[in-house]
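Working notes, structure below.
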Amino acid sequence: FQAKLGSIAEKTQRVTKLAESIAEQLGSNLEYIKRAALLSKCDLMTDMVGEFASLQGVMGKCYAQRAGEADEVATAIDEQYKPRGASDDTAATTTGQILSISDKLDTLVGIFAIGQKPTGEKDPYALRRASLGVLRTIIERKLDLDLKELISTSASLLKDKVDASKVEQEVFDYIIERLRAYYLDRGITADVFDAVSALSPSRPLDFDKRIKAVSVFREMAEAESLAAANKRVGNILKKSAVDKTIAVDESLLSEDAEKNLFETLNLLSKAVEPLFDSGDYESALSKLSSLRDPVDAFFDSVMVMTDDEAIKNNRIALLNNMNQLFLRAADLSRLHQS
């Protein structure tokens, strides 16, 4: 595999431990996971795979079946290499999915840790494909896993060979760049990806839900106005030294437009918070689209940066409340006009 990261046996031990950790999170069959992981590289020692490298995993499955291993275990040994390319499906069995993710992450984290990350067109360890394989498996098979946690666990398992903790963020960023390519290839616009990635969600499945929701929102009639409003609010908040945690003082609201925005926000907050909590970003953003008219009216008739310090701070707090609500899904200020 790679001399600095130990033998194939040592890699197998790391992959087994990472796979067991994932299986516990997903409530999967630990016995199958452990068995498949321990047997996953055995066929690499055979003459058949030595002569025909493309048969790795395929022969492992055959040998496991002949040896009387459970079907799920045998299938997972082959599926650890899936998807083998952009047109290939991800692993179908849960054991295969977990083994595939674990094997690829161990390679990614290990290779980065020894300073052999891809440069330009050179990618000798196929880390781009490995990254996409991890992402596709998690997203397409709807596995609720935290990528940062998986990378951290993988790094800790390498501690006897190399200090991989220093590359955890770099590996995460690298995989997220592959996620950008994944979505752009599927017709998602760059601004939609940027709006979601600005929040740095670490669960690819959650990331995917946000992407789909923002893509739908972007096509709504209200999107352009609300994206512009969020950008304006963001600029105001950046320039303001006001404590963003202060609550809005309703008694300081004097203009009809700010009162209306305050009331509408309160009502919508109660309606959308449960939706955000459950990951239903599309429904939440659909409801928040009704803020367009109150927000437009606010900016048309209310002077935020007024001379009265208390009133100014109160209005900034109101805008911050709105901003924080939208940020539960994405940074909509990054959306561009269609």
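Only one of the numbered conditions (1) surrounded by fewer than 18 Cβ atoms within 10 Å (Cβ to Cβ); (2) at negative phi; (3) of a type in the set (Gly, Ala, Ser) is not met by residue 60, and that is (1).
This table checks each residue for (1) within 12 Å of the chain's Cα centre (by Cα); (2) surrounded by 16 or more Cβ atoms within 10 Å (Cβ to Cβ); (3) within 26 Å of residue 25 (Cα to Cα); (4) not assigned by TED's automatic domain parsing to the domain that holds residue 84.
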position	(1), (2), (3), (4)
134	yes, yes, yes, no
141	no, yes, yes, no
146	yes, yes, yes, no
165	no, no, yes, no
168	no, yes, yes, no
172	yes, yes, yes, no
177	yes, no, yes, no
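The residues on offer are 154, 197, 202, and the sole one that is of a type in the set (Ser, Thr, Tyr) and more than 15 Å from the chain's Cα centre (by Cα) is 154.
Which one is modelled with the lowest pLDDT among residues in the stretch 241-266 that are of a type in the set (A, V, I, L, M, F, W, C) and farther than 14 Å from residue 293 by Cβ? So the residue we want is 242. Only helices (runs of 4 or more DSSP H) whose full extent lies in the stretch 164-218 are considered here, and the ones with at least 3 residues that are aliphatic (A, V, I, L, M) and more than 21 Å from residue 289 (Cα to Cα) are 168-185. Consider the stretch 105-145. How many of its residues are of a type in the set (Gly, Ala, Ser) and in contact (Cβ under 8 Å) with a residue 12 or more places away in the chain? Matching residues across the stretch 105-145 total 5.
Residue-wise test of (1) farther than 24 Å from residue 129 by Cβ; (2) assigned to a loop (DSSP other than H, G, I, E, B); (3) modelled with pLDDT of 95 or more.
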position	(1), (2), (3)
15	no, no, yes
31	yes, no, yes
35	yes, no, yes
38	yes, no, yes
69	yes, yes, yes
78	no, no, yes
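Of all residues in the stretch 264-294, those that are under 14 Å from residue 324 (Cβ atoms) and surrounded by 14 or more Cβ atoms within 10 Å (Cβ to Cβ) total 8. State whether one or more residues within the stretch 86-100 are within 21 Å of residue 6 (Cα to Cα), without any contact (Cβ under 8 Å) to a residue 60 or more places away in the chain and either part of a helix (DSSP H, G or I) or over 24 Å from the mean Cα position of the chain (by Cα) (or both). Yes. The residues listed here are 155, 130; of these, the one that is over 27 Å from residue 184 (Cβ atoms), crowded, with 17+ Cβ neighbours inside 10 Å and not hydroxyl-bearing (Ser, Thr, Tyr) is 155.
The values are calculated or read from the model by the stated rules, or taken from the named source; none is laboratory data. Owing to the predicted nature of the structure, the values given are computational and were not obtained by experimental measurement. Don't worry about glycine lacking a Cβ; one is built from the backbone with ideal geometry, like all the others, and counts go over all protein chains shown.
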